[in-house]
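The values are calculated or read from the model by the stated rules, or taken from the named source; none is laboratory data. Model, not experiment: these values are computed from the prediction. Here Cβ is always computed from backbone atoms with ideal geometry, including for glycine, and neighbour counts include all displayed protein chains.
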Amino acid sequence: MSYFSKLSRAMSIGAAFFIAIIILATLYDVLTGLITGRPVSGVYEIVETCLAFTIFLAVPEIFRIEGNIRIDLIDYVVPRPVLRLIRAIARVLTFGFALLISVAVLSPFRDAIMFGDTKYETGIPVWFIWLPIVIGSAFATLATVFVIIWPDYEAKTYSGKE
Amino acid sequence: MTVQLIGQLGMLALICLVFLRVPVAVAMGLVGFFGYAAINGFSNALQVTGQVPYDVATHYTLSQLPLFVLMGDLAVRSGMSSRLYSATRDLFSGLRGSQAYATLGASAGFGAVSGSSIATAATMTRVAVPPMKEAKYDDRLSAGSIAAGGTLGILIPPSIALVIFAMIAEQSVPRLYAASLIPGLLLCLLYILVVALLLRLSPNWAPVDGTRKSLFDRLRSLGQIWEIVLLFLVVIGGLYSGILTATEAAAVGALGAWLLGVITRRLSWKDTRTGIYDTIRTTAMLFVILCAANIFTYFVVLTQIPQGLAALVDGMDLHPIVLMLLIGVFYLILGCFLEAFGMILITVPILMPLVQQAGFDPIWFGIFLVIMIETGMITPPVGMNIFVMQSQLPDMPLPRLYQSVLPFVLAPVVLSVIIIFFPAIVTWLPTLLFER
Amino acid sequence: ADEEVTLSVSLFTPPSSDLNKSFRSIQEALNEETGGRITFEMYEASQMGPAPRQYDMVRKGVADITVALLGLTPGRFPMMEMLDMAGVVDTELGENVAGPASAAVLDLSETYLSKELAGVKLLNITVLPNPIIITKEEYTDLDDLKNLRIRHPGPTHAKTLEALGAVPTFVPSTEMSEAIARGNIDGILTGYTGIRSFKLLDSAKYVLELASGGMTFAVVMNQDAYDKMPDDLKAAFDKHFGPEGQQFWGRVLARGEIEAREELVEQGLVIRGLSAEDSEKFSEISQHLREETAAELDAKGLNASKFLTDLEATAATYR
Ligand code: NA
Ligand code: NA
């Protein structure tokens, strides 16, 4: 589990790297446009690509720390054992959702490889943008499994709610 | 089983799951998926679900979201927010709840830079919560005014919601922006009235901030917030002079906030790192919900519930004003469960002909719709702005959060009724600017 | 048999678009002809999925029929993408501008396009002819376009713009009017209906007309959905689609363009054409582009040059 935590944190660092690229590419475009009057082609696409990387490299971490937004009204109403059961069900459903997404994205990912789709200006292959989505959702699923097996683990390491 | 029945069961399932503390994204995604599968087959549902993450995560317009969140985050970490609030305290000194008013004003100001309500709410949370906490504001007042103020992000231009509406309804974005300006300022004013009302009812929710300062002292206090003023000037100036697009302005803002923090030696390397980490987490969390909301939306499209409703209303031959009031109620209910993109996608193609037939201008309808969307952002159980608050104020229990936001729902509801009776509030400015 | 068929039609265009209206008018005709046995279930304005996804949704059977704008999925239809190029489909003026060549495409589709259309039945080709460039400032020469940031509707037009020295920039159609009003882009390559729909006249009013090719829309249907239709309904359906319907579909967008152009001129749109010299220069540039693109595809093992020659010959028989 601790290896997984490290991995998921490393992916977050990757996500940070791509946010930096979004900012720098955008600024490079603005400056070049101002100086030469001839802006750079394809910055939009670089931004879109980096956005996919930023988000989906960070997604496993969200599932690992159980950071998905939920409505905990019921915590104030039901007795503890019932609450424990409800939490377990919610965790299993979360696993189901993550699994669903990671299975569903495989087919369009395969299509993107097979058909050779590319972006408009940069020619960035579309499968490359699918890469973080496929990997991110797979690791998110893995994270939900860890949470089911060691439900209390994160309560110790993550100082958020719960 | 008819598709409408499947649709109603789906809505019911969503409510149940959400209240059984299943994460909102998980509930919307699963109900959306299985609902879609029930109507159009399992393999089609899988296909549609599989596309969504890519479509959402590569949406250029949405790239402003992490950037404006980061800008707000770094502005907070370098202490700009606390200085902003000590300055506003001076500026409005002697007035009870001055910081709640200042929050709304600042939200309107930030809304003029950000096209997203989520980004506005997220930024204002970072900027306004710590100082209000410090000044011993009741958290119901601070949370409510921030969540509500955040909605100004999509009514005051620029606005992602209006851009999406323009796409579906084939309307001009500049016209829509011109039309939204006056209602945007009006809504800010109404929110201010709500705060005033709340403070009249419970004066102990906010302190009187200090004693009245002289005019000179008030102006001098503005000098403390030169960084934010500079940041806002660069971002807004760049945007309206045409040098920067919204995303570019967001990138400049984020880097600018970081540079100002580093130059004034108020931002450490550790602050930067934590700031970026938090930004990424907030962004990923919101995108997971956006993906799930998209899946759910495709399901609702198939249920044809809105079509049925339109046919029903069409047969009743109602007075235009009654029709719009009814549509408003419909949106109010829909807004409890759907986020902005879903509300536009599902309803515009169906209601637009109806509304135009009743003699309302399409531009007017766009603004009306955005006001209803804003309402939806602060109504339980699914309200994006509430979730933004929840993600950043983990200590505050959700029931309390809902309670704090509810009085503010009054303002957009009143505004929507006002523009139904006086449509010229919306159409006056675009007509003035664009019609020759 | 009195079997009934419901076909889901997914369109990324809004109900007011000429494409959507065409489906409605065909629905009315079919109601009369079949006694209401064929029903189009319409999902409009991208309700079922975003514009670039439409084709795949039909290929996979999520929807039965769609109209795919080929420029939105670069790399997917290497051969059909060439239809967008200047001088391929778009060869004359008037309502029937794209008629002959688009009919020829249907004839040749089995020979040349079966690979890129696998799983899908190509019903019709409809072309928005002669995209024009609308700008804030007035430009009259080809040289004026150098270094201008111009929004393009797809990769083929991006190549053309690049060859002219402009900077092709992709902006989603909804953000066009915002982008040009603010000056983020200097011009937009689009059609007259595009100017009208997105109210571009609010922020720009100069148009430079150049015979820059077309924007090709393919009306496609899921093959299984087509095969499953009972024979008598197939016959009724085929009267409006495929070779029999091509006359109608070939003109849908061209007619709209002519109407929109007249309307816009009345509202103050200023239209300029290229000088004879510049026209000559442009047709040289576009011929070079055609040859270059076809040669690139030939090198990849596609039969592109032959496709273009055959297309020209077949189109001639329809003139
Ligand atoms: Na805004
Ligand atoms: Na809501």
Next on the checklist: Of everything in region B:168-203, what is of a type in the set (A, V, I, L, M) and in contact with a strand residue (DSSP E or B) (Cβ under 8 Å, 6 or more places away or on another chain)? Give them in sequence order.
Outcome noted: B:L199
Next on the checklist: Residues that are of a type in the set (A, V, I, L, M, F, W, C) and part of a helix (DSSP H, G or I): does region C:85-92 have at least one?
Outcome noted: no
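Enumerate the helices (runs of 4 or more DSSP H) found wholly within region B:1-93, keeping only those where 2 or more residues are under 24 Å from A:V103 (Cα atoms), within 14 Å of chain A (Cβ to nearest Cβ) and not charged (D, E, K, R).
On the way: elements: B:3-19, B:24-40, B:42-57, B:64-77, B:80-91.
Output list reads B:3-19, B:24-40, B:42-57.
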Checklist entry - Does A:G67 fit the bill of being modelled with pLDDT of 95 or more, within 23 Å of the chain's Cα centre (by Cα) and facing another protein chain (nearest Cβ under 8 Å)? => result no
Next on the checklist: Looking for something surrounded by 24 or more Cβ atoms within 10 Å (Cβ to Cβ), without any contact (Cβ under 8 Å) to a residue 12 or more places away in the chain and among the hydrophobic types (A, V, I, L, M, F, W, C) - is there at least one such residue anywhere in region B:267-284?
Outcome noted: yes
Next on the checklist: Checking the structure you have, find out if any residue of region B:101-123 is modelled with pLDDT of 80 or more, within 14 Å of chain A (Cβ to nearest Cβ), more than 16 Å from ligand 2 (Cβ to nearest atom) and closer than 17 Å to B:V388 by Cα.
Outcome noted: yes
Checklist entry - Given the conditions (1) farther than 14 Å from B:L65 by Cβ; (2) out of contact with any Lys or Arg (no Cβ under 7 Å at 6 or more places or on another chain), and given that B:S172 satisfies all but one, which numbered condition is not satisfied? => result (2)
Checklist entry - Within region A:9-51, can you find the residues that are in a helix (DSSP H, G or I), closer than 17 Å to C:F170 by Cα and among the polar types (S, T, N, Q)? => result A:T26, A:T49
Next on the checklist: Restricting to region A:1-26, count the residues that are touching a helix residue (DSSP H, G or I) at 6+ places or on another chain (Cβ under 6 Å) and within 11 Å of another protein chain (Cβ to nearest Cβ).
Outcome noted: 12
Checklist entry - How many residues are within 16 Å of ligand 1 (Cβ to nearest atom) and facing another protein chain (nearest Cβ under 10 Å) when one looks only at region B:362-390? => result 2
Checklist outcome for this item: Restricting attention to region C:159-187, the residues that are within 13 Å of chain B (Cβ to nearest Cβ), in contact (Cβ under 8 Å) with a residue 40 or more places away in the chain and aliphatic (A, V, I, L, M) number exactly 1
Checklist outcome for this item: For region B:61-77, pairs from a residue that is in contact (Cβ under 8 Å) with a residue 24 or more places away in the chain to a residue that is surrounded by fewer than 24 Cβ atoms within 10 Å (Cβ to Cβ) and not in a helix (DSSP H, G or I), with Cβ under 7 Å and 6 or more apart or across chains, are B:L74/B:L267; B:R77/B:L267
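From B:L181, B:L152, B:L187, B:L162, which residue is within 14 Å of chain C (Cβ to nearest Cβ), within 16 Å of ligand 1 (Cβ to nearest atom) and modelled with pLDDT of 80 or more?
Just one listed residue meets the conditions, B:L162.
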Checklist entry - Does A:S107 satisfy the criteria of being of a type in the set (S, T, Y), more than 7 Å from every other protein chain (Cβ to nearest Cβ) and surrounded by fewer than 19 Cβ atoms within 10 Å (Cβ to Cβ)? => result no
Next on the checklist: Cβ-Cβ distance below 7 Å, separation of 6 or more or different chains: which pairs start in region C:189-202 with a residue that is of a type in the set (F, W, Y) and end on one that is assigned to a loop (DSSP other than H, G, I, E, B)?
Outcome noted: C:F198/B:E170; C:F198/B:S172
Checklist entry - What number goes with the only condition from (1) part of a helix (DSSP H, G or I); (2) among the aromatic types (F, W, Y); (3) over 21 Å from C:L108 (Cα atoms) that C:Y55 does not pass? => result (3)
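Do we have C:I185 as more than 28 Å from C:R251 (Cα to Cα) and among the hydrophobic types (A, V, I, L, M, F, W, C) here?
Taking the combined requirement at face value, the residue satisfies it.
Those residues that are part of a helix (DSSP H, G or I) and either at pLDDT below 90 or under 16 Å from C:A204 (Cα atoms) (or both), I need them from region C:261-282; list them, please.
C:R261, C:E263, C:L264, C:V265, C:E266
Do we have B:V195 as within 13 Å of chain C (Cβ to nearest Cβ) and either more than 16 Å from ligand 2 (Cβ to nearest atom) or more than 21 Å from B:T245 (Cβ to Cβ) (or both) here?
no
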Item to check | Selection count where residues are modelled with pLDDT of 85 or more and either among the acidic types (D, E) or crowded, with 20+ Cβ neighbours inside 10 Å (or both), scope region A:110-133 | outcome: 10
Checklist outcome for this item: Over region B:397-415, the set of residues in contact with a Lys or Arg (Cβ under 9 Å, 6 or more places away or on another chain), within 11 Å of another protein chain (Cβ to nearest Cβ) and either buried (at least 16 other Cβ atoms within 10 Å of the Cβ) or free of Cβ contacts under 8 Å to residues at least 60 places away in the same chain (or both) is B:L398, B:L401
Item to check | Conditions (1) in contact with a Lys or Arg (Cβ under 8 Å, 6 or more places away or on another chain); (2) free of Cβ contacts under 8 Å to residues at least 12 places away in the same chain; (3) surrounded by fewer than 22 Cβ atoms within 10 Å (Cβ to Cβ): number failed by B:T245 | outcome: (3)
Next on the checklist: Being among the small types (G, A, S), part of a helix (DSSP H, G or I) and closer than 24 Å to C:L145 by Cβ narrows it down to one residue among C:S286, C:S305; which is it?
Outcome noted: C:S286
Checklist entry - Could you count how many residues in region C:186-203 are crowded, with 23+ Cβ neighbours inside 10 Å and either on the phi > 0 side of the Ramachandran plot or of a type in the set (A, V, I, L, M, F, W, C) (or both)? => result 5
Next on the checklist: For region B:181-197, check the following and say yes or no: at least one residue is more than 22 Å from the chain's Cα centre (by Cα) and in a helix (DSSP H, G or I).
Outcome noted: yes
